[in-house]
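Colleague: Quick one: structure below, then a few questions.
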Amino acid sequence: MLLEDLYVVLKVAEFRSITAAATNLDMRTATASAALKRVEANLGAELFIRTTRQLRLSSAGEKYIPQCEQAILLLEQAKQNMKGEQDIIDGDLRLSVSSDLGRNVVIPWLDDFMQTHTKVSLRVSISDTNVDFYRDSVDLALRYGSPNDANLYGFKICNVPRLICASQAYLDKHGTPNQPQDLAKHNALLYQLQNLTHDIWEFTQGTDSTKVKVSGNRVANDADLVRRWCVNGKGISAKSCLDMAHDLLNNNLVTVMSDYQVKPTELWLIFPSRQSITPATRLLRDMLKQKTRELLLQLIDRGILDNSVLD
């Protein structure tokens, strides 16, 4: 019995669909179906009951699948332990990362990472939509915000303040807002995720907090496009300091309303399970922590951020 066939069977059991399992494993449906048939022929029993709508575990499958999962887990742990002892860093990193952060910040870091660890291969999915590990062909995701699913596992990379930014050309033409209420006179560049437009900006000043509804003539579901509009003087944006770091450091943008803090977020590296964490992904985590800290320190040195961001 081929070990690769068992991986297919476990994915079919997870998704209750041969097609979905094949998509997740990046193979043809016919290939996944053939693997399942080989395992069932070897066992002399059907693991799934086929219906016109879905697959469900047979009584034999209900007994076999959990034991098979435990066996595969033990083999994977033994494999990773051996690689760890031999300092072998390899594997296929299937990473999902948000658009602006991915294209303009993280991709150059990944290039350096792969140059150091030449046996690592990379597949990147750049999207601002929420990742679905059971649907998308990814093994880990770099996302703003902590995991909201108790079944997921993750590492916090860093704190991420949000900043109100604009180009100097825009401010020269339209004036500089000094408090949240002034934003009503300005063109807000808005971000939309899953049909929800983020047009409520939340601020704090000391112990006081306020929410302001903003409006503008440009809305995008791509955070990178919002940044580009901002750099080109089309309006004011509320964005992650990491997304805007290079433009701020190169004086393409300036921050406004520094007496007010926009509601911050965090950057997390998220996995579908603890078993998904490999020596390569641990090194990737460490690299991301180091690189983001270096970027935050540059923003602190320029007076754009406060030291408290490193807490």
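The values are calculated or read from the model by the stated rules, or taken from the named source; none is laboratory data. Just so it is clear, the model here is predicted, and its values are computed rather than measured. Positions of Cβ are generated from backbone atoms using ideal geometry, with glycine treated the same way; all protein chains shown enter the neighbour counts. Heavy atoms of the whole protein, side chains included, go into the accessibility calculation; ligands, DNA and RNA do not. Shrake-Rupley method; radii C 1.70, N 1.55, O 1.52, S 1.80 Å.
Colleague: Conditions: (1) without any contact (Cβ under 8 Å) to a residue 60 or more places away in the chain; (2) under 28 Å from Leu310 (Cβ atoms); (3) surrounded by fewer than 21 Cβ atoms within 10 Å (Cβ to Cβ). Gly102 meets all but one. Number of the miss?
Modeller: For Gly102, the exception is condition (3).
Colleague: For residues that are touching a residue at least 12 places away in the same chain (Cβ under 8 Å) and outside any loop (DSSP other than H, G, I, E, B), scanning just the stretch 199-210, find the one that is surrounded by the fewest Cβ atoms within 10 Å (Cβ to Cβ).
Modeller: My answer is Ile200.
Colleague: Let me ask something additional. Search the stretch 121-138 for residues that are under 15 Å from Asp111 (Cα atoms) and pair each with any residue that is of a type in the set (D, E, K, R) and open to solvent by less than 60 Å² (accessible area, probe 1.4 Å) when their beta-carbon atoms are under 6 Å apart and the residues are at least 6 apart or on different chains.
Modeller: If the second residue must be of a type in the set (D, E, K, R) and open to solvent by less than 60 Å² (accessible area, probe 1.4 Å), the pairs left are Arg123/Arg94.
Colleague: Identify, by number, the condition in (1) touching a helix residue (DSSP H, G or I) at 6+ places or on another chain (Cβ under 6 Å); (2) open to solvent by less than 30 Å² (accessible area, probe 1.4 Å); (3) among the β-branched types (Val, Ile, Thr) that Val226 doesn't meet.
Modeller: (1)
Colleague: Only one of (1) assigned to a helix (DSSP H, G or I); (2) open to solvent by less than 50 Å² (accessible area, probe 1.4 Å) fails for Gly216. Which number is that?
Modeller: For Gly216, the failing item is (1).
Colleague: For Gly235, state whether it is surrounded by 13 or more Cβ atoms within 10 Å (Cβ to Cβ), in contact with a Leu (Cβ under 7 Å, 6 or more places away or on another chain) and more than 21 Å from Glu266 (Cα to Cα).
Modeller: Numbers: surrounded by 13 or more Cβ atoms within 10 Å (Cβ to Cβ): yes; in contact with a Leu (Cβ under 7 Å, 6 or more places away or on another chain): yes; more than 21 Å from Glu266 (Cα to Cα): yes.
Yes; evaluated as a whole, the condition is true for this residue.
Colleague: Sticking with this structure for a sec: So which of Ile18, Ile49 ends up being touching a Leu at 6+ places or on another chain (Cβ under 9 Å) and farther than 18 Å from Leu6 by Cβ?
Modeller: Of Ile18, Ile49, the one residue that is touching a Leu at 6+ places or on another chain (Cβ under 9 Å) and farther than 18 Å from Leu6 by Cβ is Ile49.
Colleague: Now a separate question. Which of the residues belonging to the stretch 270-290 are more than 21 Å from Asn151 (Cα to Cα) and either surrounded by fewer than 17 Cβ atoms within 10 Å (Cβ to Cβ) or within 16 Å of the chain's Cα centre (by Cα) (or both)?
Modeller: Passing the criteria: Leu283, Leu284, Asp286, Met287, Leu288, Lys289, Gln290.
Colleague: Given the criteria in a helix (DSSP H, G or I) and surrounded by 15 or more Cβ atoms within 10 Å (Cβ to Cβ), does Asp247 qualify?
Modeller: On the way: in a helix (DSSP H, G or I): yes; surrounded by 15 or more Cβ atoms within 10 Å (Cβ to Cβ): yes.
Criteria met by Asp247.
Colleague: Continuing with this model, one more query. If Gln261 meets every condition in (1) out of contact with any Pro (no Cβ under 8 Å at 6 or more places or on another chain); (2) touching a residue at least 60 places away in the same chain (Cβ under 8 Å) apart from one, which number is that one?
Modeller: Result: Gln261 passes all but (1).
Colleague: Report, by residue number, each residue of the stretch 90-99 that is of a type outside the set (A, V, I, L, M, F, W, C), in a strand (DSSP E or B) and surrounded by 14 or more Cβ atoms within 10 Å (Cβ to Cβ).
Modeller: First, pick out the residues of the stretch 90-99 that are of a type outside the set (A, V, I, L, M, F, W, C): 90-92, 94, 96, 98-99.
Okay, now just the ones that are also in a strand (DSSP E or B), so 91-92, 94, 96.
Gly91, Arg94, Ser96 - these are the residues of the stretch 90-99 that are of a type outside the set (A, V, I, L, M, F, W, C), in a strand (DSSP E or B) and surrounded by 14 or more Cβ atoms within 10 Å (Cβ to Cβ).
Colleague: Let me ask another. What number of residues within the stretch 108-160 are open to solvent by less than 50 Å² (accessible area, probe 1.4 Å), touching a Lys or Arg at 6+ places or on another chain (Cβ under 9 Å) and β-branched (Val, Ile, Thr)?
Modeller: 3
Colleague: Looking at (1) in a strand (DSSP E or B); (2) within 16 Å of the chain's Cα centre (by Cα); (3) modelled with pLDDT under 95, can you tell me which one Leu267 breaks?
Modeller: (3)
Colleague: Filter the stretch 163-198 down to the residues that are at pLDDT below 95 and in a strand (DSSP E or B), then identify the one that is nearest to Cys241 (Cα to Cα).
Modeller: Within the stretch 163-198, the match that is nearest to Cys241 (Cα to Cα) is Tyr191.
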